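Read-outs throughout are calculated quantities, based only on the coordinates presented, and are distinct from any laboratory measurement. Fair warning: this is a prediction, and the values are worked out from it, not measured in the lab. Positions of Cβ are backbone-derived with ideal geometry, glycine not excepted, and every protein chain shown enters the neighbour counts.
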Amino acid sequence: MCGIVGAVAQRDVAEILVEGLRRLEYRGYDSAGVAVLNNGELSRTRRVGKVQELSSALETQPLFGGTGIAHTRWATHGEPNERNAHPHQSEGDIAVVHNGIIENHNKLRVMLKGLGYTFASDTDTEVICHLVHHELKTHDSLLAAVQVAVKQLEGAYGTVVIDRRDSQRMIVARSGSPLVIGYGLGENFVASDQLALLPVTRSFAFLEEGDVAEVTRREVNIFDVDGNAVEREMKESEVTHDAGDKGEYRHYMLKEIYEQPTAIAHTLEGRIAGGKVLDAAFGENAAEFLKDIKHVQIIACGTSYHAGMAARYWLEGWAGVSCNVEIASEFRYRKSHLFPNSLLVTISQSGETADTLAAMRLAKEMGYKATLTICNAPGSSLVRESDMAYMMKAGVEIGVASTKAFTVQLAGLLMLTTVIGRHNGMSEQVEADITQSLLSMPAKVEQALGLDDAIAELAEDFADKHHALFLGRGDQYPIAMEGALKLKEISYIHAEAYASGELKHGPLALIDADMPVIVVAPNNELLEKLKSNVEEVRARGGLMYVFADVDAEFESDDTMKVIPVPHCDEFMAPLIYTIPLQLLSYHVALIKGTDVDQPRNLAKSVTVE
Ligand code: GLU
């Protein structure tokens, strides 16, 4: 899930590897390490904390050698300490870095211990290096040994293996966690993300699922899942900016809106295998914690609260458990009822949201069966104090108004829905459909971003307005709430969201030509009901902006502008309809000239009550 960099070169590679890790730092991690081969010697340095710690250690005691691997770790199995940091070793010969989760690590560990291997860490990863070491006893090449070893792994991996006795090559393998080969002149590289290698090459080939590749200074040989030699197209990278700066974008918020396809792809990496979301995506012992859960209590604030509200529809609708969602500042100061077998889920971008943290501590005292946090900041208080953590991997979010963190939270909560559903009678078909939907999200979000120009034009209509009403039904109601919050936060236009069925119970009184009404209308079973609500607004002279499925049969006229949204399945619809609403608030704020990235009176990480 975190960073991998590898190199085979004539020059010393430690510095290249560390620079590569630095470029992946934005993804979050807890420790870093590097291993290098030099004249039959395998040397390794690992440090807890920042890549800078590793880099300082290497300044004091440099590592020399032309073949090496490096890693930034986000711990899933075993504490974030130096012993568990990658690279891991077997018998001082084999060194391995790994992103992802090996699900059958316990079984393999018992088998390998039986063969006499001693384990030096608590990680799932360490089984890979002993397994390769063991297979090398009966196979004549590192490539063959890795090919046989990875067949025994269940779960998700992007892994790179080197052997002290053969410093000419590294073997890389991918299943569920991406790897890209970087081609140099007389030297070759590998990384979990091309960003890591931009200082040394711009020619890349992306490995496909099940690929194993042998990388030497002069050659890269790739084999598919069946062991057939294959070519993977080499492409010149067009990436021009680093993760931490605005690049071509005028604001961080816009950059982060556009980063959503990548952020969602990152959050899925290493967490889906064999068409299923892995339990361990939520932490090492998640399977044990989650198996008896019958009720979920979600606690969050602001945007994260809206993600939680959407998840309630999913957990009750598909996962077969009951679910409550509450704002943290309310939950922490009232007496609430504890249902049997309850899971407490906190959602927080920063992991330091004071109200959410206090609510979680209270829930622990109350005796919740387990606590899980959905969080973007490794090492944060919520992560440290919860039994389980779903690390969002959205990358740093700088804009105060959350965008990519929200959609990644939705993706994470949809994953949680399948994992909890699996223990509560969710059909295999629904699980497969949700998993498929998750995998196709990045491409669909990309399509939705294509609405940008049309929305920029639409935004002109809002610049002189003081109020707006957002409407949605079902799991689009929280999306309408999030749309209203975004508009409020950055354009300072007062916005309210209502479940559209609620219109007639009050808000209809507000409708006139000065109150634009924004409607989210995917093509779902509530569409006809929503259409009736639209008519209610029309009859009162309201002006409507309808974000509708291309097949929903809405037509623009004097009172209604229809913005066709790419067709998508019901599982991803809330996430997809979020995109145009984010763009709308951004463009309105741009026209109004507000401080988009740092709206007045707001802070990014709300660490006070
Ligand atoms: N599961 C491995 C570990 O806990 C790899 C984690 C990662 O992807 O960084 O060490």
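I need the peptides 120-132, 402-414 ranked by packing, meaning the mean over residues of other C-beta atoms within 10 angstrom, with the highest value on top. Write out the running numbers ahead of the final one.
Values: 120-132: 24.1, 402-414: 28.2.
Those peptides, ordered most packed to least, come out 402-414, 120-132.
Computed packing ranks the peptides 539-545, 138-144 as 539-545, 138-144, most packed first, by mean other Cβ atoms within 10 Å. Find out how many positive minus negative residues lie around Asp279, taking Lys and Arg as positive, Asp and Glu as negative, among other residues whose Cβ is under 11 Å from that of Asp279. After counting each charged neighbour, the total is +1. The magnitude of the dipole of the range 112-188, with charges of +1 and -1 set on the Cβ of Lys/Arg and Asp/Glu and taken from the Cα centre, is near 140 debye.
Considering only Phe223, Pro507, Ser167, the residue lying farthest towards the positive end of the dipole of the chain is Ser167, judged by Cα position with unit charges set on Cβ. Backbone amide hydrogens, once placed in the peptide plane, bring Val546 within less than 5 Å of Val519, Lys561, Val562, Ile563, excluding anything fewer than 5 places away on its chain. Bridgeable lysines around Lys369 (alpha carbons under 18 Å apart, same-chain partners fewer than 8 residues away excluded): Lys291, Lys294, Lys335.
What shape does the range 160-206 take by its C-alpha gyration tensor, where a ≥ b ≥ c are the square roots of the eigenvalues and a/c under 1.5 counts as rounded, a/b above b/c as prolate, and the rest as oblate? In terms of gyration-tensor shape, oblate. Think of the range 21-136 as a dipole: +1 on every Lys or Arg Cβ, -1 on every Asp or Glu Cβ, centred on the Cα centre; then among Leu131, Ser121, Pro80, Pro80 lies furthest on the positive end.
The relative contact order of the range 168-257 comes to 25 percent, based on Cα pairs under 8 Å that sit 6 or more residues apart.
Can you give the relative contact order of the range 446-567 as a percent, counting alpha carbon pairs under 8 Å and 6+ residues apart? Relative CO of the range 446-567 lands at 23 percent.
Could you grab the relative contact order for the range 369-517? Cα pairs under 8 Å, six or more apart, rounded to a whole percent.
It rounds to 15 percent for the range 369-517.
How many angstrom lie between the C-alpha centres of the range 285-324 and the range 95-123? Here the two parts' Cα centres lie 32 Å apart. The ranking of Cys301, Cys323 by Cβ neighbour count inside 10 Å, starting from the fewest, reads Cys301, Cys323.
Treating the beta-carbon of each Lys and Arg as +1 and of each Asp and Glu as -1, no other charges, what is the dipole magnitude of the chain about its Cα centre, to the nearest 20 debye?
Approximately 1600 debye in magnitude.
With helices as the sole contributors, the chain gives -10500 deg cm²/dmol at 222 nm; each DSSP H run of n ≥ 4 counts as -39500 (n - 2.57), and the sum is divided by every residue.
Sort Arg600, Arg538 so that the residue with the fewest other Cβ atoms within 10 Å of its own Cβ comes first and the one with the most comes last.
Lowest count first: Arg600, Arg538.
Packing, taken as the mean count of other beta carbons within 10 Å per residue, orders the peptides 174-184, 192-202, 494-504 from highest to lowest as 174-184, 192-202, 494-504. Straight-distance candidates among the lysines for linking to Lys561, with alpha-carbon spacing under 24 Å and chain neighbours fewer than 8 residues away dropped: Lys444, Lys465, Lys486, Lys488, Lys504, Lys529, Lys531, Lys592. Label-to-label distance, Asp551 versus Glu525, with points set 7 angstrom from Cα along the beta-carbon direction: 1.6 nm. Note on Lys113: aspartates and glutamates with a C-alpha under 12 Å away, same-chain residues under 8 apart excluded, are Glu126.
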